[in-house]
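The values are calculated or read from the model by the stated rules, or taken from the named source; none is laboratory data. The structure displayed is predicted, hence computed values, not measured ones. Reconstructed Cβ throughout: ideal geometry from the backbone, glycine too, with neighbour counts over all protein chains shown.
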Amino acid sequence: MIERNYPYLWSLEEDFLRCMRCGKCHSICPLYERTSRELIAPRGKIALLEAVRDGAMPLDRAFTESMDQCLHCMLCKENCPAGVDWPRLAFAARAESVQGGFFGPIKSFLFRILLKRGRLLPPITTSGAVLIRLLDFILPKNSPWRTALPLPSITLDSIRIFPRPAPKTFLSQFAGFHSAQGKKRGRVVFFVGCATNLVNTTIGEAFVKLYTSLGYDVLVPAEQGCCGFPALGYGDTSTARYRANKLAELLKDIQADALIVPCASGGHMIKEEYPHFLGIDIPLPVYDSVEFLLKVEGVELSRRDGFPPMVFHLPCHLGRGQELPHLHQKTLSRVLGEKFLGAALEGDCCGAGGTYHITHYEMTKDMGEAKVKTMEEMGGELMVTSCPGCMMYLDEALIKAGHPPSKHILEVLAG
Ligand code: SF4
Ligand code: SF4
């Protein structure tokens, strides 16, 4: 067998061949809309990938930076007339960059030390939570140091507001077995995900409350770790594969009806990228938390009162990534009645793009702000969604505009 350079790119050769250079992705890609640069949208990037793969250009830093310019919003894939899956090609391109040595020490530490084994991450974030609360108490509200920390400041316009880590991780409090209440319907495994474990622990509490109250035994394995999506997004396929194999191994002896993932990105990763990019199958059926209850089990949810008028943000990895564009809105409409006002800019990415908003804030700042402005125009007072990653980014725009932080749909359904 011929050994080829760039095996990840060759493995997706069909996508290269499918691209007919029509340029439709230019009119779709939100980053192209902001830059008008050929190398930002899939057509230009595919040409660059082919040139590198065929040896006409070097795999260098400029190539790596170009491949990093993507929100993974999947709009181009959904609208490409030839069916090119650019988001997956982006994973392959970044994997080649990592193989080529473009993976700095910070990323290496984050993914290969902290995220891979996962043991150090909880003590670091909970210690960070204590430090942040201490600094919040000590530092004056107009201190310039606040601009470098996830602390509220009196100059909200000029700073970033990052989420605060939780003082106690969700898993340290809820790992184990939670019995169904009343008539038992089934037994599920809850995949918690990093954001719920380390930051928004109330999402996990809502999951356990809702599922047990509906008659499901909930198993929360303590050793579950990260799904590996952040590593895959940065091209570190070996860490992503390690995490996927760990999860498959953990689940292989567990008797349950399903693995439930309330994070849109984590769900997309486990359902789609594990089998189709990493070649790893999970030994249980995998569902989004609302998909399982409403679509698979046909559970009837009773009306929920006491919430302000709210709008939904449809995460890209739910609508396009898991092909669930309407289910959550229908569910909210059913349980909230007239208090649910619909989706804010349905189909548009919020601009988070994993960590893209951290490295390229000015590029996508207006996307989060547009979601909030639309919510206001619709008469909404609360944003609800189903991705803890989107929530962390949208909360910044919401807080700056004087609104409360967003809620996960489970927090609404759990009442
Ligand atoms: S829309 Fe699809 S086929 Fe057309 S240039 Fe973009 S990637 Fe190629
Ligand atoms: S996934 Fe989104 S940001 Fe990335 S190239 Fe496609 S449309 Fe542009």
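Numbers at a glance
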| read-out | value |
| --- | --- |
| Scan of region 243-284 for residues that are surrounded by fewer than 16 Cβ atoms within 10 Å (Cβ to Cβ) and among the charged types (D, E, K, R), ordered by number | E249, K252, D253, D281 |
| Qualifying residue in region 179-202 (condition: touching a helix residue (DSSP H, G or I) at 6+ places or on another chain (Cβ under 7 Å) and among the charged types (D, E, K, R)) | no |
| Single residue of region 28-56 satisfying the filter (of a type in the set (A, V, I, L, M, F, W, C) and within 17 Å of E96 (Cα to Cα)) that is surrounded by the fewest Cβ atoms within 10 Å (Cβ to Cβ) | A56 |
| Residue check for L59: away from ligand 2 (no atom under 16 Å from the Cβ), closer than 29 Å to Y242 by Cα, outside any helix (DSSP H, G or I) and not assigned by TED's automatic domain parsing to the domain that holds P230 | yes |
| Residue match in region 181-201 (condition: of a type in the set (V, I, T), more than 20 Å from the chain's Cα centre (by Cα) and surrounded by 20 or more Cβ atoms within 10 Å (Cβ to Cβ)) | yes |
| Criterion violated by W10 - all others in (1) aromatic (F, W, Y); (2) within 16 Å of ligand 2 (Cβ to nearest atom); (3) over 24 Å from the mean Cα position of the chain (by Cα) satisfied | (2) |
| Residues being part of a helix (DSSP H, G or I), within 14 Å of ligand 1 (Cβ to nearest atom) and either in contact with a Gly (Cβ under 7 Å, 6 or more places away or on another chain) or hydrophobic (A, V, I, L, M, F, W, C) (or both) - total across region 65-83 | 2 |
| Candidates L134, L115, filtered to the one that is at pLDDT below 85, closer than 20 Å to A240 by Cα, more than 16 Å from ligand 1 (Cβ to nearest atom) and not in a loop (DSSP other than H, G, I, E, B) | L115 |
| Identity of the residue in region 240-264, under 21 Å from P388 (Cβ atoms) and outside any helix (DSSP H, G or I), that ends up nearest to the chain's Cα centre (by Cα) | C263 |
| Filter result for the condition that a residue is at pLDDT 95 or above and more than 23 Å from M74 (Cα to Cα), over L314, L327, L332 | L332 |
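To keep it simple, each residue is scored yes or no on (1) over 17 Å from P81 (Cα atoms); (2) more than 10 Å from ligand 2 (Cβ to nearest atom); (3) assigned to a helix (DSSP H, G or I).
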{"position": "M20", "(1), (2), (3)": "no, yes, no"}
{"position": "H26", "(1), (2), (3)": "no, no, yes"}
{"position": "V52", "(1), (2), (3)": "yes, yes, yes"}
{"position": "F63", "(1), (2), (3)": "yes, yes, yes"}
